[in-house]
Amino acid sequence: MNIFRLTGDLSHLAAIVILLLKIWKTRSCAGISGKSQLLFALVFTTRYLDLFTSFISLYNTSMKLIYIACSYATVYLIYMKFKATYDGNHDTFRVEFLVVPVGGLSFLVNHDFSPLEILWTFSIYLESVAILPQLFMISKTGEAETITTHYLFFQGLYRALYLVNWIWRFYFEGFFDLIAVVAGVVQTILYCDFFYLYITKVLKGKKLSLPA
């Protein structure tokens, strides 16, 4: 494992922990898109079914279990424990417009036409757009809490670091996964505008707002 993948994993974990702590400490999920979190839970569930079929390393297995557990814990806090604080009126992105095309694409473009491979491919495609309901929600409300922007920053950083990881692996290991790379590029592009606003506003103590 190279340093870029490790720091990418840690950035991803930091994003998840930041979100969980934000919800738990404030006893509120205001400003958080439950739909995005449901999509991420679906991503981890369909991606890590190989937990039942193969073992790579203790680190790999542990991170997979942590991602799955944290994603469902987040969904539970939003839709059950702190449901009264969930802003469903602004979390209105039509997720079927993401899930259905992604599902169709995963059947058409994959490495191997087998159930586990199709589900893994589905998770890769879905992860690239799963943040859209959150970004859409911020654009509707007009601004985001600072802690929410930190969560988004580490999510984007995780994906950007993984792009560097794939470049590293291509040059030093001869490994190249076109599906993962293209999906990763799409996901990183979605964060570009946010990164600019995060650096120019949030780090200077201002609230972040996305154009409607």
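The values are calculated or read from the model by the stated rules, or taken from the named source; none is laboratory data. Just so we're clear, the structure is a prediction, and the values are computed from it rather than from any experiment. Reconstructed Cβ throughout: ideal geometry from the backbone, glycine too, with neighbour counts over all protein chains shown. Please note that ligands, DNA and RNA were not included when accessible areas were found on the heavy atoms of the full protein model with its side chains. Shrake-Rupley method; radii C 1.70, N 1.55, O 1.52, S 1.80 Å.
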Open item on the list: Being of a type in the set (Val, Ile, Thr), in a loop (DSSP other than H, G, I, E, B) and closer than 21 Å to Met1 by Cβ narrows it down to one residue among Ile32, Ile16, Ile56; which is it?
Closed with: Ile56
TODO: Search region 42-53 for residues that are closer than 9 Å to Leu116 by Cβ and pair each with any residue that is surrounded by fewer than 16 Cβ atoms within 10 Å (Cβ to Cβ) and not polar (S, T, N, Q) when their beta-carbon atoms are under 8 Å apart and the residues are at least 6 apart or on different chains.
DONE: Leu49/Leu116; Asp50/Leu116; Thr53/Leu116
Open item on the list: Please count how many residues of region 32-73 are under 15 Å from Ala15 (Cα atoms) and either in contact with an Asp or Glu (Cβ under 6 Å, 6 or more places away or on another chain) or among the aliphatic types (A, V, I, L, M) (or both).
Closed with: 8
Task: Single residue of region 1-31 satisfying the filter (out of contact with any Phe, Trp or Tyr (no Cβ under 8 Å at 6 or more places or on another chain) and of a type in the set (Val, Ile, Thr)) that is surrounded by the most Cβ atoms within 10 Å (Cβ to Cβ) - done: Thr7
- [ ] State which residue is nearest to Arg47 (Cα to Cα) when the search covers only region 170-190 and only residues that are open to solvent by 100 Å² or more (accessible area, probe 1.4 Å) and not in a helix (DSSP H, G or I).
- [x] Phe176
